Amino acid sequence: NTSYVSGGLVAGGLSGGIGGSVALGAIMRLNAGPAAPFNLMLVESVHATFKGAALVSYSIQGEIRLLPLGPSTPAVDFAFRFDMAKAGLIRSAIANAKFCAADTNAADTGIPTSLSTNYLQMEPASPGDGGKSLARTGAAARYRVRVPVMEHTAGEGGRSPLPLLRYTVSTSCRPIPLRLLPAWSRTHAPSTDGTDKGGPAVAKLDLRFAASPALIDGISHVQLFITPPEGLTELSGPVRPSENAVWSNKILEVTRSPLQPASEPLRLVAHFTAPVGDNLRVSSKPQPAAPLVVKFAAAGSTASGVDVLVESSEEGGAPPSQSVSRVLRRFLSGAYEVHPNFV
């Protein structure tokens, strides 16, 4: 309803759990002199499924990576620890033993950890296992990173990052970076035979969406992929607003770059009809619309607020600024879908 959209969608339920590092700024500068050989990046993927406005499933997967800043890098030795302000949100962590290991001399945080030599892909945990597929052997407050001299070949997407650690965030942490409320309805086109029977069926999409007000810098890039209901696969009339809306291959793609928090959600209206010659009428059995698929990316924070502190690997060791120039924070969409009601 309208009161929910104007109040709850923007003002309610979105302010908790995202901010954290947003207020601290997008980048922590470690090195005031010549650039160190690596940047350290925290990147989280947000996986969510909605049924209308209701949240059905949710998870956050995070990864810590080293980004080489040149074609060759010297050996580095440094440490990092999770910022205790948000460390309690981490359910489990897996270190990549090739480059990263838990510091057994550091105090215990109670975070379940394990070691793995597998490349750390950002994928959701196995459904239904409650995260049990992640081994839980010990805990670490601090991780030591050792990387040998390396050569880095630049591919199409740039130089490959070095994965250090993957973590999962507690299911109690459920920030919603982007809220969407699609409302589908069915009507009919005007009759062409002079009767009041009405013409072919028309599906109307009235979509409202908004970025969380907790995201001070907004969301860098948003793409919405809208597939109309079965049988109503032709776009009828203009999309309102038509800016950055493209109809191609029976899918309506809407882009916003950037999407800033606002006092009112954005609204998009589109109509869809059956192909010419199809006799589908409004009285026909309703068909479900396909899930609305969402892609987004944001810089300046992690979705959960989880952060790290970079430090020397040992007392009297080389300062971390010789290894890491900047700490970058990002989050992006994983499987993020909104299943509408029938139309």
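The values are calculated or read from the model by the stated rules, or taken from the named source; none is laboratory data. No experiment lies behind these values; they were computed from the predicted model shown. As a convention, Cβ positions derive from the backbone with ideal geometry for all residues, glycine included, and neighbour counts pool all protein chains shown. Surface accessibility is based on the protein's heavy atoms, side chains included, excluding ligands, DNA and RNA. Shrake-Rupley method; radii C 1.70, N 1.55, O 1.52, S 1.80 Å.
Side notes on the structure shown:
- Three principal axis lengths of the stretch 291-343 [C-alpha, angstrom, descending]: 67, 16, 13
- Multiplying the residue separation of residue 149 and residue 242 by 0.36 nm and removing their Cα-Cα distance gives an extension gain of 28.3 nm.
- With both labels modelled 7 Å from their Cα along Cα-to-Cβ, the residue 250 to residue 72 distance reads 5.5 nm.
- Stretching the chain fully between residue 264 and residue 156 yields a gain of 34.9 nm (0.36 nm per residue, less the alpha carbon separation).
- Multiplying the residue separation of residue 216 and residue 315 by 0.36 nm and removing their Cα-Cα distance gives an extension gain of 31.9 nm.
- 13 Å beta-carbon shell around residue 146, net charge (K/R +1, D/E -1): -1
- Positive minus negative residues near residue 73 (Lys, Arg vs Asp, Glu; Cβ under 11 Å): 0
- Computed with the Debye formula from one identical point scatterer per Cα of the stretch 210-249, without solvent, the log10 of I(q)/I(0) at q = 0.28, 0.29 Å⁻¹ comes to -1.10, -1.14.
- Across 83, 217, the residue with the most accessible area heads the list, and the full order at a 1.4 Å probe is 217, 83.
- Under 14 Å, Cβ to Cβ, from residue 160 - net charge with Lys/Arg +1 and Asp/Glu -1: 0
- Karplus (6.51, -1.76, 1.60) ³J(HN,Hα), θ = phi - 60°, over the stretch 76-87, in Hz, Gly and Pro reported as x: 10, 8, 8, 9, 9, 9, 6, 4, 5, 4, 10, 4
- Carbon plus sulfur fraction of accessible area for the stretch 208-262, probe 1.4 Å, in percent: 51 percent
- Between the beta carbons of residue 56 and residue 35, assuming R0 = 45 Å, the FRET efficiency works out to 0.50 to the nearest 0.05.
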